[in-house]
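Input: a single structure, listed below in structure tokens.
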Amino acid sequence: MKLCSQYSGVPLDRYSTKGQQKLLLISFDGFRWDYDRDVETPNLDRMATDGVKAKYVTPPFLTITSPTHFTLLTGRYIENHGVIHNMWFNIKTGEKQPYYATQFKNEWWDNGSLPIWITAQRQGLRAGSLHFPGTQSTYQGESQTVKDVEPRFYDYKNETKWRENVDKVMDTWFGEMDLDFVSLYFGEPDSTGHKYGPDSHERREVVKQVDRTVGYIRSSVERNGLSDTLNIIITADHGMSNVYRNGLVNEITLSKIPGFSFNDIAFHLVDFGPAGMLLPKTGMLDKVYNALKGAHPHLHVFKKEEMPERLHFAKNNRILPIILFSDPGYVINGFFPVQFHAGEHGFDNDEMDMKPFFRAVGPAFQKNLEVGPFETVNIYPLMCHILGIKPEPNDGHLDATKHMLVSATEEDSQDINSNIFVGLAAVAGFLVVVFIVLVSLNASKKETNYRGSDKSAPPRGKDETHQTAF
């Protein structure tokens, strides 16, 4: 996969804000693009008026927490940054570690891609991270200036804790320590969406909590005197979709599919939502693939090399030989159903239910601007541009987001002024040419008239002289 330069012809130092503007990246896990439509969200609405709102953004596939968050931090598709799942696993021993334990598996995160924390610090800035996936790890031996990893069994819904975390970031990290970049993570509304479903009353209530927190964050900006320097980007890793069961659908259970047997499988990652991966035993790849392909109308089965290019989920050694994902409403069960969530994510990133929201506000951003959708892989080059740092190789493009920036209007103004100058110069040049032509014609006419009058005048005498009056 060719990694693209995100600047696309824009000089690195043009409109650079290095040392002048700060940035806070916030993720509200599982906040779907339309969650503000059935809830009163005055603070998010005000943020859109004061800044930029995207219709929605598209996360990378696989649409689960750790991989999509690491895309935000690196600007790389999942197959390129290598954090391919929420779970660390070892195909030789069969060991799997859950989400929280995987946060402490350094080799899972530190495998060649540098998150923006480290890139910023290598270029003279100071960075911090609170609870963001990947925070615990070091990268090429380096860590953030300051970091905070949530404790085990953390209550992601506790609003009092949310405000304490905001105070730590705003008052201490930005205020006292003068950090330049901070990433801040909240585990909701994801947990509530899983438990009760995205259409539930409980989900709507937690969206109200998110909105209150956004208001608290923005008031903290003013309280700490950061209004002229701090930019805020708020987004999410993925959306959420309803899961149907209890006789409403024909559930996907691999063990019930004719011709398929887990005896042919050396290692598997299923029973974790609507996506999974299989490692068949030696010589069993085609047998497993042929048994599953077309076995259920809502199950998509691909050999690794056959994955659609648009998904960018194939070209990594960690990705297993067979990849499965289901249509919205369905999850993939292994031996028997063990998943009982009312809501799930992990579906195709083209599905609208998987799209997150996006808001941005601050001195770098235009006001009252709504923009069309874009991929979350493009948020990384945007952040680097705001911070004035040179990014690592990535898959994003600044062209996808630079129209949100005040610098874009400045550039347009410069272009307009330049065009006006060129236009005026052209008009002036034309008028000069017209003037020269008219003068020439007039002179020619006078010369013609003069010569014509000589023919009728009497000849002068040889002695005729002219005197000048004094």
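The values are calculated or read from the model by the stated rules, or taken from the named source; none is laboratory data. Keep in mind that this is a model prediction, so the values were computed, not measured. With ideal geometry, Cβ positions are generated from the backbone for all residues, glycine too; neighbour counts draw on all protein chains shown.
Figures for the structure shown
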{"item": "Selection count, segment 176-206, where residues are under 18 Å from Asp155 (Cβ atoms) and out of contact with any helix residue (DSSP H, G or I) (no Cβ under 6 Å at 6 or more places or on another chain)", "result": "8"}
{"item": "Qualifying residue in segment 366-374 (condition: assigned to a loop (DSSP other than H, G, I, E, B) and surrounded by 20 or more Cβ atoms within 10 Å (Cβ to Cβ))", "result": "no"}
{"item": "Those helices (runs of 4 or more DSSP H) lying entirely in segment 65-108 with at least 1 residues surrounded by fewer than 18 Cβ atoms within 10 Å (Cβ to Cβ) and among the aromatic types (Phe, Trp, Tyr)", "result": "99-102"}
{"item": "Residues of segment 49-64 satisfying the condition of being assigned to a helix (DSSP H, G or I) and either buried (at least 22 other Cβ atoms within 10 Å of the Cβ) or among the acidic types (Asp, Glu) (or both)", "result": "Asp50"}
{"item": "Residues located in segment 221-273, provided they are outside any loop (DSSP other than H, G, I, E, B) and either modelled with pLDDT under 95 or charged (D, E, K, R) (or both)", "result": "Glu222, Arg223, Lys256, Asp264"}
{"item": "Matching residues, segment 280-290, being under 22 Å from Asp348 (Cβ atoms) and surrounded by fewer than 22 Cβ atoms within 10 Å (Cβ to Cβ)", "result": "Tyr289"}
